[in-house]
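Asker: Just passing along the structure, written as structure tokens.
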Amino acid sequence: MSFNTFGHLFRVTTWGESHGPAIGATVDGCPPGVALSEADLQPWLDRRKPGTSKFTTQRKEPDQVRILSGVFEGRTTGTPIQLMIENTDQRSKDYGDIAQAFRPGHADITYHQKYGVRDYRGGGRSSARETASRVAAGGVARAVLAALVPGLRISGYMMQMGPKAIDRSRFDAAVIEGNPFWCPDPVAAADWAVYLDELRLAHNSVGAVIEVVAEGVPAGLGAPLYAKLDSDLASAMMSINAVKAVEIGDGMAAACLTGVENADEIRMGATGPEFLSNHAGGILGGISTGQPVVCRFAVKPTSSILTPRRTINQRGEEVDLITKGRHDPCVGIRAVPVGEAMMACVLLDHLLMDRAQTGGQRGPIGS
């Protein structure tokens, strides 16, 4: 039994391990005739790749993606698209000390308990290295979305690092890609740089909260119960390495509101219904409203740190363990492009399902 695939019609299967020869994804269900090349996918991978600043792992991977099938003369054929990214900077010797010991906070112990065997080199299949495959697949989804829904735009950013949150009154989308944290608040970004540098030098790490927003999403995507747009989004984001919580719209904060405060009131605009607020995050009853779809997820602190932690080994002996190697002091930084990719894959999947079921027809309002 294998669970390496997600999606209903637009289906993505990822494969490979952190220290194997390559990683990649097989994308099935992509419509034919969409312009696609490796040059269309590479910019998204460049945003995620390691070693881009002192605040990310110094593993040097070019993350060059190759399209092995599913594209002919620059256009998708409708057959499976095979994507491959070679691993070129593995240092498996860094993990020799943990071959028999279980790193606290990692999946080492659960993998061993379930399978009786595990790839200890960088976490193997559970490594965040796997997310490069998702970003490549997300690039395919973005290309299709650009062809089918030209006005749709997906953007992600870090809104909190540890206890330090952005000030939304200073939100400036223009600065998001101008700092190493994908932070829309320039004051917070400067503060985070000092804070994370201190943690990094102290051999520590910290968590983060990422927000991903999709604007221009058509109304009507999703289904009432078992293929809700928000439940599929939550599942997709929760499947990202180190994610421990997901929110849609106001999320947990909605529990603090009254019904009067929470209801997104509606008026009739010149081109159709207009919502006066967006507490629901662009999704009602599992179906998109046409408002921005807002998803937020929390990433735990990186478990691989140079500070000794108490654990046990496979013989059941108690040991103190230092995890050597090259690791992100805040893995949430590189989670931003991954969250965007998962949003793209889920939205395309639901767009294709809607076209199959309804043909894109909508109930008339105001006619």
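The values are calculated or read from the model by the stated rules, or taken from the named source; none is laboratory data. Remember, it's a predicted structure, so these values are computed and weren't measured experimentally. No Cβ is skipped: glycine too gets one built from the backbone with ideal geometry, and neighbour counts run over all protein chains shown. Heavy atoms of the whole protein, side chains included, go into the accessibility calculation; ligands, DNA and RNA do not. Shrake-Rupley method; radii C 1.70, N 1.55, O 1.52, S 1.80 Å.
Asker: Inside region 236-337, counting only strands (runs of 3 or more DSSP E) that do not spill past its ends, which hold 1 or more residues that are surrounded by 14 or more Cβ atoms within 10 Å (Cβ to Cβ) and either in contact with a helix residue (DSSP H, G or I) (Cβ under 7 Å, 6 or more places away or on another chain) or at pLDDT 90 or above (or both)?
Answerer: Numbers: elements: 243-248, 266-268, 273-275, 293-299, 309-312, 318-321.
Correct list: 243-248, 273-275, 293-299, 309-312, 318-321.
Asker: Any residue at all in region 158-169 that is among the hydrophobic types (A, V, I, L, M, F, W, C), at pLDDT below 95, surrounded by 15 or more Cβ atoms within 10 Å (Cβ to Cβ) and within 22 Å of Ala236 (Cβ to Cβ)?
Answerer: Step one: filter region 158-169 for residues among the hydrophobic types (A, V, I, L, M, F, W, C), giving 158-159, 161, 165-166.
Retained after the next criterion (residues that are at pLDDT below 95): none.
No, every residue in region 158-169 fails to be among the hydrophobic types (A, V, I, L, M, F, W, C), at pLDDT below 95, surrounded by 15 or more Cβ atoms within 10 Å (Cβ to Cβ) and within 22 Å of Ala236 (Cβ to Cβ).
Asker: May I pose another question? Show the residue pairs meeting these rules: Cβ distance below 9 Å; 6+ apart or different chains; first residue within region 204-222 and over 22 Å from Phe171 (Cα atoms) and open to solvent by 30 Å² or more (accessible area, probe 1.4 Å); second residue at pLDDT below 95 and assigned to a strand (DSSP E or B).
Answerer: Ala219/Pro273
Asker: Hey, can you tell me all the residues within region 310-338 that are under 28 Å from Lys49 (Cα atoms) and not hydrophobic (A, V, I, L, M, F, W, C)?
Answerer: Listed by number, the residues that qualify are Thr323, Lys324, Gly325, Arg326, His327, Asp328, Pro329, Gly332, Arg334, Pro337.
Asker: Tally time: how many residues in region 64-98 are over 23 Å from the mean Cα position of the chain (by Cα), closer than 28 Å to Val34 by Cβ and at pLDDT below 95?
Answerer: Number satisfying all stated conditions: 0.
Asker: Could you go through region 195-218 and let me know if any residue there is over 20 Å from the mean Cα position of the chain (by Cα) and within 24 Å of Pro364 (Cα to Cα).
Answerer: yes
Asker: Working carefully through the options Arg47, Arg125, Arg142, find the one that is open to solvent by 20 Å² or more (accessible area, probe 1.4 Å), at pLDDT below 95, over 30 Å from Ile312 (Cβ atoms) and in a helix (DSSP H, G or I).
Answerer: On the way: Arg125 fails: over 30 Å from Ile312 (Cβ atoms); Arg142 fails: at pLDDT below 95.
After ruling out the rest, the residue left standing is Arg47.
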